[in-house]
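Peer 1: Sharing a structure below in structure tokens format, with a few things to ask.
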Amino acid sequence: MVRAILLDGGDNVVTLIDPGTQGDEVTLGGQPLANVRLVGDIPFGHKLATRPIAQGERILKYGKVIGQATAAILAGDHVHVHNVEALRARGDLKEAA
């Protein structure tokens, strides 16, 4: 099992507070996160998708948009620079809402 924290109920990612290995079950507050197991290894402090995220869909953390998926992301997938384009502080966008 790997522990994670959910920062806002509307987020589509959680942050791991343990490093995780492929196949690990994810828990929030000691309770299993329904139907989510790690698709691959994920380091401590990194994000994990709690549900499938379509290419182009916004990534939500802290209840705010932090990026946009550059590829389809499975539930349990690592969410990081390889599949997310940052939208915050780019300067060419008015607001990532």
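No value in this document is a laboratory result; all are computed from the given coordinates. What you see is a predicted model, and the numbers here were worked out from it, not measured in a lab. Counting neighbours? That spans all protein chains shown, and the Cβs are built from the backbone with ideal geometry, glycine included.
Peer 1: Could you work out how far the C-alpha centroid of the stretch 38-60 sits from that of the stretch 1-30, in angstrom?
Peer 2: Centre-to-centre distance over Cα atoms comes out at 10 Å.
Peer 1: Might you report the magnitude of the Cβ-based charge dipole of the chain about its Cα centre, with Lys and Arg at +1 and Asp and Glu at -1, to the nearest 20 debye?
Peer 2: Details: 10 positive and 11 negative charges, 49 e Å.
I would put it at about 240 debye.
Peer 1: What percent does the relative contact order of the chain come to when contacts are Cα pairs within less than 8 Å and at least six residues apart? Intermediate results must be reported in sequence, preceding the final value.
Peer 2: Values: 247 pairs, mean separation 24.1, N = 97.
Relative contact order comes out at 25 percent.
Peer 1: Right, next: With a/c under 1.5 counting as rounded, go ahead and sort the chain into rounded, prolate or oblate using the C-alpha gyration tensor (a ≥ b ≥ c being the square roots of the eigenvalues; past the cut-off, prolate if a/b is larger than b/c, else oblate). Don't skip to the end; give the middle numbers.
Peer 2: Details: a/c = 2.11, a/b = 1.75, b/c = 1.20.
Prolate, because a/c is 1.5 or more and a/b exceeds b/c.
Peer 1: Please give me the summed charge of the neighbours of GLY40: other residues whose Cβ is under 11 Å from its Cβ, Lys and Arg +1, Asp and Glu -1. Kindly include the intermediate steps, with their values, before the conclusion.
Peer 2: Numbers: positive: ARG37; negative: ASP24, ASP41, ASP77.
In short, -2.
Peer 1: Hey, another quick one. Between beta-carbons, use under 13 Å as the cut-off and find the net charge around ASN12, counting Lys and Arg +1, Asp and Glu -1. All intermediate terms of the calculation are to be shown ahead of the outcome.
Peer 2: Working: positive: LYS47, ARG51, ARG58, LYS61, LYS64; negative: ASP8, ASP11, GLU57, ASP77.
Summing Lys/Arg as +1 and Asp/Glu as -1 gives +1.
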